[in-house]
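First comes the structure, then the notes that go with it.
Please treat every number below as a calculation from the coordinates, not as lab data. Because the structure is predicted, anything quoted here is derived from the model rather than measured. Reconstructed Cβ throughout: ideal geometry from the backbone, glycine too, with neighbour counts over all protein chains shown.
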Amino acid sequence: MAVEVFLVQLLCAFFSCAGRNPAPVPSGSVNHYHSITTASFDNSLDNLGPPVLKTVNGWIQGAHMRTIRSRNIAAYMGIPYARPPLGELRFRAPVPLDPWEGYLRADVPGPVCLQVDASQFYNVMGQEDCLHLSVYTPRFGKSSTDETPLPVIFFLHGGAYFFGSSDLWGPAYLLDHDVILVVPNFRQGVLGFLSTGDEQAPGNFGLKDQALALKWVSENIPEFGGDPGRITVMGVASGAAIANMNLISKMTQDYVSNAIFHSGSAHMHWGLVNRTYESSRAIARSFSCNDDNSYSMVKCLREQNPHFVANGLQKVYKRHLFPWVNFGPVVEPPGPDAYLTETPFEAYAGNRVKAVPVLGGIVESEGDVFVHTLLKIIWKSEFLKDLNNNWLDVAPFMFDYYQTSLNPREV
């Protein structure tokens, strides 16, 4: 069985195992879609015709959905907001998308960004061409003169900066209210956060993806019936940290009017990931790339199979357990494409943070989500051997002392 799994994964490394979004083509019918989070399309909606509108890039054709309370809404899914980050665009800031001809089919979710499968750690899922977003709105076009444009929630998924996608967060409950939901995909893990600490690969590519998506929303949301002056950035866990950073970054400050942080913020000890630099060079060495020269290193990594690059994440884990955050946000050198040039603490201390209403919260047992994973690994022989023989080295990683203490070996 292990050999079969390996062969399947090897095949997927060279040929995409994920469905691709159709190319922009005209269409006149509504596809039927089923989801456990949103009711299926109702046959009676077919005679309405698919919702259609024009963005700054071109026409898009969405689909009808019903919420839990059977409210009819328009869903525009899998809308590209940037050029595919392939080839020379890998490990670079996202590039705005060129206009398209005809109608873009936006009636199915876009592909998941290429990432390690968090539930089966040696598996890779998704594809590199993934910079899409979904818009769910109760309005069918621009708000009329007697209608107030609707507030917008720009939701950022969590996943420790290395997994997660927009299709896990839908409109089933939220769109029973008069609000528009926008959920973007952005690059994860090695492909989203590799950094050399200089201009060759300054890092934070995933953060810059969602920043461009936020700009896209500001420019296009009136066509969906939304108010660009009332955009709330909202996130959970690492998504909450990114939402918080959007109040700090000059790249995003102007687009944000409110913020909601669930179970995280930029001030968490994992908000910035200083081990990103070390992990990036370890990835390069695993491909026999020269990590002494940033230009050569990044050029070499751009030439590697993206599935192998994404799966390189498991090669940099030093221990059999947490922490899992080896790639994430870093402070960049100043430059026109820099997203974050100072730490959150420095930004707040210097009063350089966008002043907006903020709502933050946690749940009673934040760590329960990890219990199942811990129980699966804690009795493994290699873990117990590591724990018994290398306690002074394991403990700092186990309790994340390297991020929370100046002298981790003395704790």
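Table for the structure above
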{"item": "30 Å Cα-Cα threshold exceeded, pairs from 299/385; 315/385; 208/385; 54/299; 299/354", "result": "299/385; 208/385; 54/299; 299/354"}
{"item": "Cα-based shape type of segment 262-341, given that a ≥ b ≥ c are square roots of the gyration tensor eigenvalues and the cut on a/c is 1.5", "result": "oblate"}
{"item": "Euclidean distance between Cα centres, segment 161-227 to segment 52-99, Å", "result": "11 Å"}
{"item": "Formal net charge of residues neighbouring residue 113 (Cβ-Cβ distance under 13 Å; K, R +1; D, E -1)", "result": "-3"}
{"item": "Sequence of 198, 227 once ranked by neighbouring C-beta atoms within 10 Å, starting from the fewest", "result": "198, 227"}
{"item": "Förster radius 51 Å - calculated FRET efficiency between residue 71 and residue 293, Cβ distance, rounded to 0.05", "result": "0.35"}
{"item": "Built amide H within the under 5 Å cut-off of residue 59, gap 5+", "result": "104"}
{"item": "Point-to-point label distance, residue 86-residue 314, nm (Cα→Cβ direction, 7 Å offset)", "result": "2.6 nm"}
{"item": "Local electrostatic count at residue 255 - Lys and Arg +1, Asp and Glu -1, tallied over other residues with Cβ under 14 Å", "result": "+2"}
{"item": "³J(HN,Hα) computed for each position of segment 260-277 - Karplus, 6.51 cos²θ - 1.76 cosθ + 1.60, integer Hz, glycine/proline x", "result": "10, 10, 9, 6, x, 6, 5, 8, 4, 5, 9, x, 9, 10, 5, 6, 4, 5"}
